[in-house]
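No lab work stands behind these numbers, since they all come straight from the coordinates. Bear in mind the structure is a predicted one, so any value in this text is a computation, not a measurement. Heads up, the Cβs are rebuilt from the backbone with ideal geometry, glycines too, and the neighbour counts pull from every protein chain shown.
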Amino acid sequence: MDERIVMVDSGTGLKLTEEQLDERSAVAAVQLRRSGVRAGDTVLICLPVGPDLLVATDAVIAAGGVVWPLPAHLDAAELRRRILDSGARVMISNVREALDAAEESRVRIVVSMADLVPRHP
């Protein structure tokens, strides 16, 4: 059976198959629930475009959350404004500017992709 490729990381060339996406998203969704994400929670996602962004988005939806994407390239002031506007208490990010901007917000749960899914070679 052919593996269906859903994404190729333009930076590394690594391919993400449908099976890998499903597996990683399921693991991440469980971790989000364990971290306190509840159905209906708004979850900010500030990650560079790539496989982690896709996995995080699927995981939030699977956990019952509402995805609020934040482009990783925004400046600190715009990140802060959007984070405050969201009213979210949960954020998935490894972007330093976003983590700093979240300090003055309602965000109380911050997780990185490394917290949600183990790395695969």
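For the chain, the antiparallel share of DSSP beta bridges with both residues in that region comes to about 20%.
Among residues other than Ile109 with Cβ under 15 Å from its Cβ, the summed charge is +3 (Lys and Arg +1, Asp and Glu -1). Per residue, the chain reaches -12500 deg cm²/dmol at 222 nm when only DSSP H runs of four or more residues are counted, each adding -39500 (n - 2.57).
For segment 41-121, the residue among Ala72, Ile109, Asn94 whose Cα projects farthest onto the positive side of the dipole built from Cβ charges is Ile109. In a reduced charge model with +1 at each Lys and Arg Cβ and -1 at each Asp and Glu Cβ, the chain shows a dipole moment near 460 debye about its Cα centre. Shape class of segment 5-116 from the Cα gyration tensor (axes a ≥ b ≥ c, square roots of the eigenvalues): oblate, since a/c reaches 1.5 or more and a/b does not exceed b/c. Classify segment 47-88 from the C-alpha gyration tensor, please: rounded if a/c falls under 1.5, else prolate or oblate depending on whether a/b exceeds b/c. Since a/c reaches 1.5 but b/c is at least a/b, the shape of segment 47-88 is classed as oblate. Can you give the relative contact order of the chain as a percent, counting alpha carbon pairs under 8 Å and 6+ residues apart? With pairs under 8 Å counted, the relative contact order is 24 percent.
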